[in-house]
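Here's the structure we're looking at; comments come further down.
The values are calculated or read from the model by the stated rules, or taken from the named source; none is laboratory data. Bear in mind that the values here come from a model prediction, so they are computed numbers and not experimental data. FYI the Cβ positions are ideal-geometry reconstructions off the backbone, even for glycines, and counts take in every protein chain you see.
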Amino acid sequence: MRTPDRPPRARTIDELLAQVRGRIGRIPPAEAAARLAAGALLVDTRPWEQRVRDGAVPGAVVVDRNVLEWRLDPASPDRLPQATGYDLEVVVLCNEGYSSSLVADTLRTLGLTRTVDVIGGFVAWAAAGLPVVPVTQADLAA
């Protein structure tokens, strides 16, 4: 299969991730757990299928990726009650720590400058033996 010619200034996803990760903070799962315990907002962006299959992090706020910016922007009329201001510490968790880097960069652009992501995502969180609880279909309806 032929790779299409890239337009000028276009980047591969690996190049984009490297650029984004140069602008954000990234923390290991144990530090994410400590920050959650200290009051940081842990945002789980994984889709429901992954949460049902693998479990959830107790205390995490689940925000679908397609509405995340509207729910966390302190200036948005559609923000979550937890989006209390620009000084909010946000820790973003995805499945393996890739899309969370992109999300963290976007949230920092919105002014949430204390946003970081979890290195290795939920997979690393669970592998570190940190708390995981099962998710049922009833949990998803709540």
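Screening the stretch 1-79 for helices (runs of 4 or more DSSP H) wholly inside it with 1 or more residues that are over 15 Å from Thr106 (Cα atoms) and in contact with a helix residue (DSSP H, G or I) (Cβ under 7 Å, 6 or more places away or on another chain) returns the ranges 29-37, 48-54. Within the stretch 115-129, the set of residues being in a loop (DSSP other than H, G, I, E, B) and of a type in the set (A, V, I, L, M) comprises Ile119, Ala128.
Sort out which residues of the stretch 49-67 are surrounded by fewer than 19 Cβ atoms within 10 Å (Cβ to Cβ), in contact with a strand residue (DSSP E or B) (Cβ under 8 Å, 6 or more places away or on another chain) and touching a residue at least 24 places away in the same chain (Cβ under 8 Å), and write them in order of number. Residues satisfying the conditions are Gly55, Pro58.
Pick from the stretch 23-60 the residues that are of a type outside the set (D, E, K, R) and within 10 Å of the chain's Cα centre (by Cα): which of them is farthest from Tyr98 (Cα to Cα)?
If we filter the stretch 23-60 for residues that are of a type outside the set (D, E, K, R), which is where we start, we get 24-25, 27-30, 32-34, 36-43, 45, 47-48, 50, 52, 55-60.
Next, from what is left, pick out any that are within 10 Å of the chain's Cα centre (by Cα): 42-43, 45.
Values: Leu42: 16, Val43: 14, Thr45: 11 Å.
Among residues in the stretch 23-60 that are of a type outside the set (D, E, K, R) and within 10 Å of the chain's Cα centre (by Cα), the one farthest from Tyr98 (Cα to Cα) is Leu42.
Checked against (1) modelled with pLDDT under 95; (2) surrounded by 12 or more Cβ atoms within 10 Å (Cβ to Cβ); (3) not hydrophobic (A, V, I, L, M, F, W, C), Arg11 passes all but a single condition, namely (2). Scanning the stretch 7-42 for residues that are in contact (Cβ under 8 Å) with a residue 60 or more places away in the chain, within 18 Å of Val123 (Cβ to Cβ) and of a type outside the set (Gly, Ala, Ser) returns Leu17, Arg21, Arg26, Ile27, Pro28, Pro29. Kindly establish whether Leu130 is touching a helix residue (DSSP H, G or I) at 6+ places or on another chain (Cβ under 6 Å) and under 21 Å from Ala37 (Cβ atoms). Considered against the rule, which asks whether it is touching a helix residue (DSSP H, G or I) at 6+ places or on another chain (Cβ under 6 Å) and under 21 Å from Ala37 (Cβ atoms), Leu130 comes out as yes. Just one of the listed residues (Leu112, Leu107, Leu88) is surrounded by 18 or more Cβ atoms within 10 Å (Cβ to Cβ) and not in a loop (DSSP other than H, G, I, E, B), and it is Leu107. Residues of the stretch 91-101 that are buried (at least 20 other Cβ atoms within 10 Å of the Cβ) and in a helix (DSSP H, G or I): Ser100, Ser101. Just one of Thr84, Thr45, Thr3, Thr12 is touching a Ser or Thr at 6+ places or on another chain (Cβ under 9 Å) and either of a type outside the set (A, V, I, L, M) or on the phi > 0 side of the Ramachandran plot (or both); which is it? None of the other options fit; the residue is Thr45. Taking residues in the stretch 114-142 that are basic (Lys, Arg), and partners anywhere that are at pLDDT 95 or above and crowded, with 17+ Cβ neighbours inside 10 Å, the pairs with Cβ atoms closer than 9 Å and at least 6 places apart or on different chains are Arg114/Ala40; Arg114/Leu88; Arg114/Val90; Arg114/Arg108.
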